[in-house]
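Since the structure comes first, as C-alpha cells, the remarks are kept for the end.
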Amino acid sequence: MNPVFSVRWIGDAKSGILELLDQTKLPREEIVLSLACASDVREAILNLRVRGAPAIGAAGAYALVLAAREINDEGNWAKLLAEKAEWLNKARPTAVNLSWALGRLVRRMVPESARLSVDSKLDLLLDEANAIVAEDRSMCSAMGRHGVRLIKSGMGVLTHCNTGVLATAGDGTALAVLYEAHRQGIKFEAYADETRPLLQGSRLTAWELLRAGINVTLLCDGMAGMLMKQGRVQLVLVGADRIAANGDTANKIGTYAVAVLANHHGIPFYVVAPSSSFDLSLRDGSGIPIEERNSEEVTKPFGQLTAPDNVSVYNPAFDVTPAELITGIVTEKGIITNPLTKSISSQLTRDWQPGL
C-alpha cells in the first residue's frame, strides 16, 4: 500500500516538479499529478485537487517556485514575483495559509537578494517552501501530542470535513489527535460527517482513517444532532481555514451548525489548527472572506444531476463559528482556552507573521 501524502517536491529548484495526490479522484483512484507549471498548480488549488488549509499553503509555496522559473525580466524580478504571488493567492481566498506561505517566500527576497543569480534566488525560494513543509509536519505532530489529552477511553469523537494527512504535509490537524490517540492505544469511536456538497468526510476522512486502521462510522451531516442526543458523542474536533484574533473560526461549511449542536448538548467543541491558520490582523470573524463556489457542486455533484435545472443555489464553501461556541483551540504551542482573545494574544502574537 502506497503511503498517503498531499504535497511533495521532487528534484531541485531549477528543474524539479511538484507532485500532488489528486483528491478529486479519491476514494476510487489514487492519481498522482506531476506538475511543472505554476498555472497547473493554481488550477489544482482552485479545483480542490489539493485542499486543506496547510496543504494549500504548501502547494502555493511550491507553485511560486515554479512561477519564479517563468520570470524572464531579471531587472523587475522581485516585482514580478510579488505579482505572481498575488495571482496565486486569489485561487482560494478563505484559507489564510495560502497568503501566509506566499508572503514568507516573497519576504525571503530581501533587497540584498537582487545581487544574486536567478538560480540562487530559486534555491532560496525552494528552501523556504521546504521549510514550510517541514514546519507543518512538526506542527502536526505537536498538535497531536497536545490534543490527545482531550481523548479518554470509550469516547465518541465527531469530526467534520477532512483534517488529516490529505489536508496537511504531516499527520493533520484534528485527525492528528486521533492518530496520536490510536498510537497510544486509546480506544475511541470516530464519527465522520460526510460534509456536503463535496463529501470530503466520506470520500477522504473515512478513506484515510480506515487506511490507517482506525474504525470510523460515516454519517450524513443532518444526523449529527441525533448522534449527540443519543449520547454517542463526547467530543468534537474540527480544523480551521482562518482564525481571527478573537477566536472566531472559519472552517468548512457545516461547522457552525455542528458547533451549535455541540453547545446545545453540552459537548466540548475544539478547533485544531497551526499558528499559520491565524489571522491576527482581523479583530473578529466578520472580516474573513467567504468563498462561494460553483452552483453545480450542489445541483450536479460528481456529474450526477440531483436538482431541477435553473434552480437558485447558495453554495458558500465555509462558515464562521463564533468564539463563544468554541471550548478551546489546539495549536502546536498548546491548548488555548477561554477567554480566547487573551489566550491567543499571549500565545501567538510574538511569532505571528502576516500574509501578503
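Within the listed set Asn246, Asn310, Asn76, the residue fluctuating most in the Gaussian network model of the chain (springs between alpha-carbon atoms under 10 angstrom) is Asn310. For Phe278, the residues 5 or more places off, or on other chains, whose built amide H falls under 5 Å of its own are Ile243. Close Lys pairs in region 204-356, defined as Cα atoms under 29 Å apart and 8 or more places apart or on different chains, number 5. Cα centroids of region 117-167 and region 337-356: 18 Å apart. For the chain, a Gaussian network of Cα nodes joined below 10 Å ranks Leu18, Leu116, Leu209 by mean-square fluctuation, and the top entry is Leu116.
Between amide H atoms placed 1.01 Å from N, distances below 5 Å from Gly328 occur with Phe269, Val271, all of them 5 or more places distant or on a separate chain. When a/c is below 1.5 the answer is rounded, else prolate if a/b is larger than b/c, else oblate, so apply that to region 142-348 with a ≥ b ≥ c taken from the square roots of the Cα gyration tensor eigenvalues. Cα axes put region 142-348 in the oblate bin. With both residues required to sit in the chain, DSSP beta bridges show an antiparallel share near 50%. Here each label is just a point 7 Å from Cα along the line to Cβ, and for Glu74 and Val311 those points are 6.0 nm apart. Whole-Hz Karplus values for region 233-238 come out as 10, 10, 7, 10, 10, 10 Hz, taken residue by residue from phi with 6.51 cos²θ - 1.76 cosθ + 1.60 and θ = phi - 60°; glycine and proline positions read x.
Only Cα pairs within less than 10 Å get springs; with that Gaussian network setup on the chain, which residue of Lys84, Lys121, Lys342 has the largest fluctuation? Looking only at Lys84, Lys121, Lys342, the largest GNM fluctuation is found for Lys342.
For Thr217, the residues whose amide H sits under 5 Å from its own are Ala190, Tyr191, Ala192, ignoring neighbours fewer than 5 places away on the same chain, with H placed 1.01 Å from N. Evaluating 6.51 cos²θ - 1.76 cosθ + 1.60 at θ = phi - 60° for every residue in region 250-265, the Karplus couplings come out as 8, 8, 3, 3, x, 5, 4, 4, 5, 5, 4, 5, 4, 4, 4, 9 Hz, glycine and proline recorded as x. Whole-Hz Karplus values for region 211-218 come out as 4, 7, x, 9, 5, 9, 9, 8 Hz, taken residue by residue from phi with 6.51 cos²θ - 1.76 cosθ + 1.60 and θ = phi - 60°; glycine and proline positions read x. The spacing between region 245-324 and region 47-90, judged by their C-alpha centroids, is 26 Å.
No value in this document is a laboratory result; all are computed from the given coordinates. Predicted model only: the values in this text are computed from it and were never measured. Glycine gets a Cβ as well: all are built from the backbone with ideal geometry, and neighbour counts include every protein chain shown.
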